[in-house]
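*Asks:* So that we are looking at the same thing, I have put the structure below in structure tokens.
The values are calculated or read from the model by the stated rules, or taken from the named source; none is laboratory data. Source: prediction; values computed, not measured. Note that we place each Cβ from the backbone using ideal geometry, even for glycine, and neighbour counts take in every protein chain shown. Calculation scope for accessible area: heavy atoms of the full protein, side chains included, ligands and nucleic acids excluded. Shrake-Rupley method; radii C 1.70, N 1.55, O 1.52, S 1.80 Å.
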Amino acid sequence: MSFLSETLSRVKPSPTIAMTAKAAELKAAGRDVIGLSAGEPDFDTPQNIKDAAVAAIAAGKTKYTAPDGIPELKQAVCDKMKRDHGLNYTPAQVSVGTGGKQTLYNALMATLNPGDEVVIPAPYWVSYPDMVLLAGGTPVIAQTSLQTNFKLTADQLEAAITPKTKWFIFNSPSNPTGAGYSKAELKALTDVLMRHPHVWVMTDDMYEHLAYDGFEFCTPAQVEPALYERTLTCNGVSKAYAMTGWRIGYAAGPEKLIAAMRKVQSQSTSNPCSVSQWAAVEALNGTQAFLAPNNVTFKRRRDLVVSMLSEIEGISCPVPEGAFYVYPSIAGLIGKTTPAGKLIETDEDFATALLEEADVAVVFGAAFGLSPNFRVSYATSDAALEEACRRIQSFCASLT
């Protein structure tokens, strides 16, 4: 009999974290590694948010809070939902967790039974399927394609839904592709969901503020108000506010579901960091003036990376609408050999060789459920991106 849980054997460690760790090891050994694997802005947390945290510490706001968030932060979430999306929530309909990942995980733990299915478009954020498996459910992967810029079509969603489907997980702009769904594209999906009243929607809006070229973000319950009662709208302060380490995520949805999520959290982590919660209050309620200039920087970096990668024979790199990732296809490089004699049979082979032979860390596409591709995070300096892309160009040119 194994000491470890059988459930644990069904899941794998995060490949993005593994690649970032491997790159750090090589860097520590003296290699000049450029890391493009971590989904983390290089900007510092805005000063007003840091000041709010310092003020909270000075005021002694360092005790336990309610398990799923202080009233002030829940109200700030309600105000944000109304301001940005026209959605009305009360604090009783809001859950605050230790990062966006916990709110998603709590919802799955609170609702899934063995045999329940969760539809997940691929490519997907690496944690979605594994969280479903940990919660006892069955991930149903709906494959997208380069031809649709990695966006799920209404027909693909319809084909993936069965009587066992409990959730549809939706992420726009997407990690790993940066693809953003227009209102019309999202309406086509919500029309399908309206025909299947047993399916709930879990929407991950973490990258909503990171949008370019006039792309207008919208969220499912905003596009189809009739889905309000079966939608969990999830978000957080990690990406747009450069607060990855503060670990604050939140979700708004039906009160019964939020209560169930609170029960899960009360018996696992209990409350998120009190100081981080007060910082998040300021993030949501305070000035948003830094978002636009940050997006100008991100767009410039996106255009740099897309331009340089598109020059490479064998690589196809679509232009994403948002987030800070690109997801190039390497279909034209499969079957080639590296200067060190390694045959590239998969995108994992490509990413491994790129790190070992060119000192550039990216994440292979199979980790996100769609190959042959790789993910580049352009949330780093222009100089690092330009040098990394030059190395990728040289590496690909050296393949035979």
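*Asks:* At 1.4 Å probe size, with no ligands or nucleic acids counted, give the accessible surface of residue 12 in Å², nearest ten.
*Replies:* 100
*Asks:* Shifting gears a bit: Using only C-alpha positions, report the orientation-averaged shadow area of the convex hull of the chain, nm², one decimal. Before the final figure, lay out the partial values.
*Replies:* Numbers: hull surface 82.3 nm².
Value for the chain: 20.6 nm².
*Asks:* Next question, about the same structure. For region 1-103, take N as its residue count and report Rg(C-alpha) divided by 2.2 N^0.38 Å.
*Replies:* 1.57
*Asks:* Could you give the dipole magnitude of region 150-302 about its Cα centre, charging the beta-carbon of Lys and Arg +1 and that of Asp and Glu -1, in debye to the nearest 20?
*Replies:* Once rounded to the nearest 20, the dipole reads 380 debye.
*Asks:* Oh, and also: Charges on Cβ only, +1 for Lys and Arg, -1 for Asp and Glu, centred on the Cα centroid of the chain; of 341, 198, 317, which one is farthest towards the dipole's positive end?
*Replies:* 198
*Asks:* Binning every alpha carbon pair distance of region 284-338 at 10 Å from zero, what are the percents per bin?
*Replies:* Whole-percent P(r) values from 0 Å outward: 21, 37, 23, 12, 6, 1.
*Asks:* Right, here's the next one. Relative contact order for region 274-355: what is it in percent, counting Cα pairs under 8 Å that are at least 6 residues apart?
*Replies:* It comes to 15 percent, rounded to a whole number.
*Asks:* How much net charge surrounds residue 227 when only other residues with a Cβ under 15 Å from its Cβ are counted (Lys, Arg +1; Asp, Glu -1)?
*Replies:* On the way: positive: 166, 183, 187, 195, 230; negative: 191, 205, 224, 229.
Net charge around residue 227: +1.
*Asks:* When the gyration tensor of region 75-205 is built from Cα positions, what are the square roots of 5 times its three eigenvalues, in whole Å, from largest to smallest?
*Replies:* For region 75-205, the semi-axes come out at 22, 19, 15 Å.
*Asks:* What GluC sites (Glu not before Pro) does region 242-349 have in DSSP loop regions with at most 16 other beta carbons within 10 Å? Walk me through the intermediate numbers first.
*Replies:* Values: sites: 255, 282, 311, 313, 321, 345, 348; in loops: 311, 313, 321, 345.
Taking region 242-349 and a limit of 16 other Cβ atoms within 10 Å, the loop GluC sites (Glu not before Pro) found are 311, 313, 345.
*Asks:* May I pose another question? Give me the one-decimal nm value for the distance between modelled label points at residue 90 and residue 267, 7 Å along each residue's Cα-to-Cβ direction.
*Replies:* In this crude label model, residue 90 to residue 267 measures out at 2.6 nm.
*Asks:* Heavy-atom accessible area of residue 79 with all protein chains present, probe 1.4 Å, nearest 10 Å²?
*Replies:* 70
*Asks:* Sticking with this structure for a sec: Can you give me the accessible area per residue for the chain, using a 1.4 Å probe, in Å²? Could you put the intermediate results ahead of the total?
*Replies:* Values: 16040 Å² over 400 residues.
Roughly 40 Å² per residue, with all protein chains present.
*Asks:* Pairs of Cα atoms under 8 Å, at least six residues apart: use those to get the relative contact order of the chain, whole percent.
*Replies:* So the answer I get is 22 percent.
*Asks:* Give or take rounding to whole Å, what are the principal axis extents of the alpha carbon atoms in region 13-165, in descending order?
*Replies:* 54, 52, 31
*Asks:* Taking every pair of distinct Cα atoms and averaging 1/r, then inverting, what Kirkwood hydrodynamic radius in Å comes out for region 299-400?
*Replies:* Computed over Cα pairs of region 299-400, the Kirkwood hydrodynamic radius comes out at 13.4 Å.
*Asks:* Between region 194-229 and region 17-65, what's the alpha-carbon centroid distance in Å?
*Replies:* Here the answer is 29 Å between Cα centres.
*Asks:* Another question, then. Please name which of 37, 70, 140 has its Cα lying farthest along the dipole of region 1-155 towards the positive end, using unit charges on Cβ (Lys, Arg +1; Asp, Glu -1) and the Cα centre as origin.
*Replies:* Ranked along the dipole, the leading option is 70.
*Asks:* Among DSSP beta bridges whose residues both lie in the chain, state the antiparallel percentage, nearest 5. Walk me through the intermediate numbers first.
*Replies:* Values: 16 of 36 bridges.
Here the share of antiparallel DSSP bridges comes out near 45 percent.
*Asks:* Sticking with this structure for a sec: Using a simple charge model, +1 on the beta-carbon of Lys and Arg, -1 on the beta-carbon of Asp and Glu, nothing else, what dipole does the chain show about its Cα centre, in debye to the nearest 20? Let's see the in-between values first.
*Replies:* On the way: 34 positive and 41 negative charges, 193 e Å.
Dipole of the chain, to the nearest 20 debye: 920 debye.
*Asks:* In terms of solvent-accessible area of protein heavy atoms at a 1.4 angstrom probe, what is the ranking of 343, 146, 87, highest value first?
*Replies:* Details: 343 80, 146 55, 87 10 Å².
Correct descending sequence by accessible area is 343, 146, 87.
*Asks:* How big is region 121-270 on each of its three principal axes, counting only the C-alpha atoms and giving the largest first in Å?
*Replies:* 43, 39, 28
*Asks:* So what is the relative contact order for region 139-213, in percent, with contacts set as C-alpha pairs under 8 Å and at least six apart? Mind showing how you got there, number by number?
*Replies:* On the way: 72 pairs, mean separation 26.0, N = 75.
Rounded, it is 35 percent for region 139-213.
*Asks:* Quick one: P(r) of region 195-339 from all Cα-Cα pairs, 10 Å bins, percents rounded to integers, in order of increasing distance.
*Replies:* It works out to 9, 27, 29, 22, 11, 2, in whole percents.
*Asks:* For region 187-234, what does the equivalent ellipsoid look like in terms of its semi-axes, each the square root of 5 times an eigenvalue of the Cα gyration tensor, given largest first in whole Å?
*Replies:* They are 22, 12, 8 Å, listed largest first.
*Asks:* Listed here are the pairs 12/342; 80/239; 61/263; 166/256; 63/256; 151/256; which of them are more than 21 Å apart at the Cα?
*Replies:* Details: 12/342 25 Å; 80/239 16 Å; 61/263 24 Å; 166/256 16 Å; 63/256 27 Å; 151/256 31 Å.
Where the Cα-Cα span goes over 21 Å, the pairs concerned are 12/342; 61/263; 63/256; 151/256.
*Asks:* Place a +1 charge on the Cβ of each Lys and Arg in region 221-361 and a -1 charge on the Cβ of each Asp and Glu, then give the dipole magnitude about the Cα centre in debye, rounded to the nearest 20.
*Replies:* Around 720 debye, computed over region 221-361.
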